[in-house]
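Input: a single structure, listed below in structure tokens.
The values are calculated or read from the model by the stated rules, or taken from the named source; none is laboratory data. Every value quoted in this text rests on a predicted model; they were computed, and no experiment measured them. With ideal geometry, Cβ positions are generated from the backbone for all residues, glycine too; neighbour counts draw on all protein chains shown.
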Amino acid sequence: MESMQIDVLVNGGGVAGATAAYALARQGYKVALVEQTDGNKILNGADLLKPSGRDVLADYGLLDAVLAGGGRKRSQVKIFHDGDYVTEVDYTQHGDLGYFVLIPYEKSRKIILDQLAELPNALVYFNSRIVESHFEGDTLARVVLNSGVELRPRVAIGAEGNGSYLRKELGIEVERTVYDQKMFLGKYPMVPSVEEKNRLYVDHKGGLAYFYPIGTSHYRLVIGFPQEEAKALLADASGAALKARLTEFVSESDDALAQVGDTAIFDGIPIARMHAPSYYKGNTVLIGNAIHAIHPITGQGMNLALEDVGVLVPALKAFLDGDQGIEETLRHYQESRYEVNEKVVSYGHRLATTYHQRDAFAGSIDHKIQGSGRDADAMRVLQSLPG
Ligand SMILES: Cc1cc2nc3c(=O)[nH]c(=O)nc-3n(C[C@H](O)[C@H](O)[C@H](O)COP(=O)(O)OP(=O)(O)OC[C@H]3O[C@@H](n4cnc5c(N)ncnc54)[C@H](O)[C@@H]3O)c2cc1C
């Protein structure tokens, strides 16, 4: 059986795991990334990369590749309630660059995984899972993959998303609150209204529709309704019921609505709220959706995951170089991230639970948090810690 000593094991090759693995391998550490799929297809609605996540990719030299791979820049989102204009979030007011990036998650993840695979000291195991993990006290000493390969890491990062395997192995229990709303993703050929601007609509009955470009030739329509209503609307395969319902609160996107037809194109994703009480134990640490889940109305989940990476990687460098103990390193990471993650997860919950009333919804919108300019400066300071 092949057995290897490595610096860092990253379990899960979503955007968070792939970026962390890339950032560490690029700095010369021996990194192994384990991903259960082949790294291609993934059903994920994270098409919007907000400024603070964007800046983490830029810091690690990945943003240019993401933009070259079709990432599209945008600066404004217009928000409506029951068809009436509420506000416009203007990203030029938050941070130096003044834009966020639109690119399907599947694409951005693949770009980062491809960059990772080119690094000489990165080992990437696709279609792989940990089948055995062996702890000595709190320290994860070795894992065995389904292929029989044994890895002995100095540090392990759990980046497997909401169902995190390593979180379970650490015994960190989380409470998930599943929203009575499922999100569905559709994709259509581009129309002028979407080309012009992103528009997000909600209504007092819990309906949501978000129209935004993904690349230059297509746009995404994300819809959300209470579960029973969603089931009934999508059961009408012609799209007539869905279109009629959307017409109740979508007021400035007639050209985009006109394309709504066959409901079979919509892929559904359940959504939940969760925040883990602790992020690490021994030499194992968690990032991204392994520690938090946020309502997607904010478009911030992947962003928070990348912010986690932006704090963890420089901190880990101090440990890997022998300048700092593991407990101090991971405590610093948790203390730096917990409050920010809590604040944004709570913000998402507030937004998602105030649809019923226009003033409450309008009052919940925080331009700074939504623009993620809130932490861009603080994040940059943290990223410039050791390394
Ligand atoms: C409808 C919807 C829309 C969203 N839109 C946005 C948005 O616009 N912007 C934004 O910032 N966020 C958005 N999010 C949130 C975003 O999807 C997540 O926050 C983000 O994907 C988290 O990234 P991650 O790398 O932590 O986890 P994931 O993306 O979940 O990746 C986890 C990876 O680990 C792998 N894995 C899982 N278990 C194992 C295992 N045992 N062994 C090996 N591999 C494993 C999986 O295959 C996957 O590749 C949205 C979420 C939803 C539901």
field: Which listed residue, of 214, 130, is within 11 Å of the ligand (Cβ to nearest atom), under 30 Å from residue 76 (Cα atoms) and touching a helix residue (DSSP H, G or I) at 6+ places or on another chain (Cβ under 9 Å)
entry: 214
- prompt: Any idea how many residues of the stretch 149-169 are of a type in the set (Ser, Thr, Tyr) and either assigned to a strand (DSSP E or B) or surrounded by fewer than 23 Cβ atoms within 10 Å (Cβ to Cβ) (or both)?
  reply: 1
task: Please tell me if residue 34 is closer than 24 Å to residue 131 by Cα and near the ligand (Cβ under 8 Å from one of its atoms).
output: yes
- request: Of the conditions (1) crowded, with 16+ Cβ neighbours inside 10 Å; (2) in the same structural domain as residue 13 (by TED's automatic domain parsing), residue 137 clears all except one; give me its number.
  value: (1)
query: Is the stretch 297-312 home to any residue that is assigned to a loop (DSSP other than H, G, I, E, B), buried (at least 23 other Cβ atoms within 10 Å of the Cβ) and in contact (Cβ under 8 Å) with a residue 24 or more places away in the chain?
result: yes
- prompt: Residue check: is residue 202 hydrophobic (A, V, I, L, M, F, W, C), in contact with a helix residue (DSSP H, G or I) (Cβ under 7 Å, 6 or more places away or on another chain) and either in contact (Cβ under 8 Å) with a residue 40 or more places away in the chain or more than 15 Å from the ligand (Cβ to nearest atom) (or both)?
  reply: yes
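Yes/no matrix, rows are residues, columns are (1) out of contact with any strand residue (DSSP E or B) (no Cβ under 7 Å at 6 or more places or on another chain); (2) among the small types (Gly, Ala, Ser); (3) not assigned by TED's automatic domain parsing to the domain that holds residue 18:
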site: 248; (1), (2), (3): yes, no, yes
site: 254; (1), (2), (3): yes, no, yes
site: 293; (1), (2), (3): no, yes, no
site: 296; (1), (2), (3): no, no, no
site: 300; (1), (2), (3): yes, no, no
site: 304; (1), (2), (3): no, no, no
site: 308; (1), (2), (3): yes, no, no
site: 324; (1), (2), (3): yes, no, no
site: 329; (1), (2), (3): yes, no, no
- line: Exception for residue 108 within (1) crowded, with 21+ Cβ neighbours inside 10 Å; (2) closer than 15 Å to residue 198 by Cα falls at (2)
query: Can residue 265 be described as surrounded by fewer than 23 Cβ atoms within 10 Å (Cβ to Cβ), over 22 Å from residue 52 (Cβ atoms) and near the ligand (Cβ under 8 Å from one of its atoms)?
result: no
- request: Within the stretch 139-162, count every residue that is among the β-branched types (Val, Ile, Thr) and either closer than 24 Å to residue 278 by Cβ or in contact with a helix residue (DSSP H, G or I) (Cβ under 7 Å, 6 or more places away or on another chain) (or both).
  value: 4
message: Restricting to the stretch 173-193, and then to whatever is of a type outside the set (Ser, Thr, Tyr) and away from the ligand (no atom under 15 Å from the Cβ), can you tell me which residue is surrounded by the most Cβ atoms within 10 Å (Cβ to Cβ)?
response: 191
- prompt: Within the stretch 349-363, how many residues turn out to be out of contact with any strand residue (DSSP E or B) (no Cβ under 7 Å at 6 or more places or on another chain), in a helix (DSSP H, G or I) and more than 11 Å from residue 202 (Cβ to Cβ)?
  reply: 4
